[in-house]
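The values are calculated or read from the model by the stated rules, or taken from the named source; none is laboratory data. None of the values given here were measured: they were computed from a predicted structure. Reconstructed Cβ throughout: ideal geometry from the backbone, glycine too, with neighbour counts over all protein chains shown.
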Amino acid sequence: MNHKTTYKLVFDAVMALLLVLMYNKNAVSMEFHELAGLVLLGIFLIHIFFNYRYFFHCTQRIFGKSLPVKTKAGYVLSLFSCIGIILMAISSVMISKTLFNIHGSNIWKTVHLSTAAALLIILGIHVGMHYQMIKKVVTKHLGNHRKIQKTLAVALTIGMLSFGLYNLATTQYLRWVSMPFSNSGLQELSHKEDRTEPRDPNLLQQTGISPLYTVLQYASILFVFVFLTKETEKTIMKRKRNT
Ligand code: HEM
Ligand code: HEM
């Protein structure tokens, strides 16, 4: 495990932090959302560039038998991520209120919100598929306190999972997921936003919508997908070993 891998993971962590901060447009301000969103889309491109060899390697071999199923699945997922980024970039410009001042139609808003929701699932699976590698690097840097590490990991997993499920049930997330499949989705959303998202910054503070809380809320939802993926992979590996 070299320094390059650690730096890459720090970069990935910053990317994930910025991503989850995007899920509340008022966490900082609308201007911040648009600017940070553009920066994040640029950072995604840097991340893809860092891994361009992987793309070349897989593209040449995707239909052959030499690549493991996990690598092929990861490749297909990366293609979905690329489509997601393109849809986010186009819809962002089309609905921009401050940077480009276009104020596009509700259809673009639906594309923006439901792609953002899908991206959280896709990237949750993506991170989950690198879980073992992330665990290796983190435990290496935490030193030799195995028992403390394990206890902390279990507590953190239970905490994040419970909070993630709670947030799945109480935030707008599932509504965004279902928007492309329901006619009334966007209408409902705007009514709900009117009721729950005060524009006055003082009111925002009173209702406790802060950047940190947004990060925790959506990081916990992201974690649900990471956890499901790593557990699925563990089960598949176990079955393979037993057959
Ligand atoms: C919050 C967003 C993301 C996080 C946290 C994340 C995390 C990671 C991690 C931990 C790795 C392995 C270490 C590394 O090479 O950096 C990785 C590899 C990779 N990521 Fe991402 N990623 C994100 C977004 C994306 C997106 C949007 C794409 C678009 C295609 C992508 C494509 C790739 C590819 C192709 C690899 C190499 C594949 C492999 O090693 O299996 N990632 N990512
Ligand atoms: C990867 C980057 C981005 C993600 C994941 C993302 C995600 C989201 C999400 C989840 C919402 C709904 C938030 C809420 O209702 O509180 C939202 C709203 C919004 N986003 Fe983004 N966004 C990104 C980038 C951008 C960019 C670059 C722009 C513009 C340049 C933008 C413009 C907007 C606007 C104007 C809204 C408000 C829509 C409305 O309610 O009328 N977003 N975004």
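Between G84, G42, G104, the distinction of being more than 20 Å from P211 (Cα to Cα), assigned to a loop (DSSP other than H, G, I, E, B) and of a type outside the set (S, T, Y) belongs to G104 only. Among the conditions (1) without any contact (Cβ under 8 Å) to a residue 12 or more places away in the chain; (2) more than 10 Å from ligand 2 (Cβ to nearest atom); (3) not polar (S, T, N, Q), the only one that H126 does not satisfy is (1). When residues in the stretch 50-72 are screened for being within 10 Å of ligand 1 (Cβ to nearest atom) and in a helix (DSSP H, G or I), 9 of them pass.
Residue-level analysis places H103 among those that are in contact with a Lys or Arg (Cβ under 7 Å, 6 or more places away or on another chain) and within 11 Å of ligand 2 (Cβ to nearest atom). Close contacts from the stretch 228-243, counting a first residue that is closer than 20 Å to L161 by Cβ and in contact (Cβ under 8 Å) with a residue 12 or more places away in the chain and a second that is of a type outside the set (A, V, I, L, M) and in a helix (DSSP H, G or I), with Cβ to Cβ under 6 Å and a gap of 6+ residues or different chains, come to T229/G128; K230/G128; K230/Y131.
Among residues of the stretch 195-231 being at pLDDT below 95 and of a type in the set (V, I, T), the one that is nearest to the chain's Cα centre (by Cα) is I209. Residue count for the stretch 20-39 under the criterion of being within 6 Å of ligand 2 (Cβ to nearest atom) and part of a helix (DSSP H, G or I): the result is 4. Put simply, of I83, I43, I48 the only residue that is crowded, with 16+ Cβ neighbours inside 10 Å and either at pLDDT 90 or above or not acidic (D, E) (or both) is I43.
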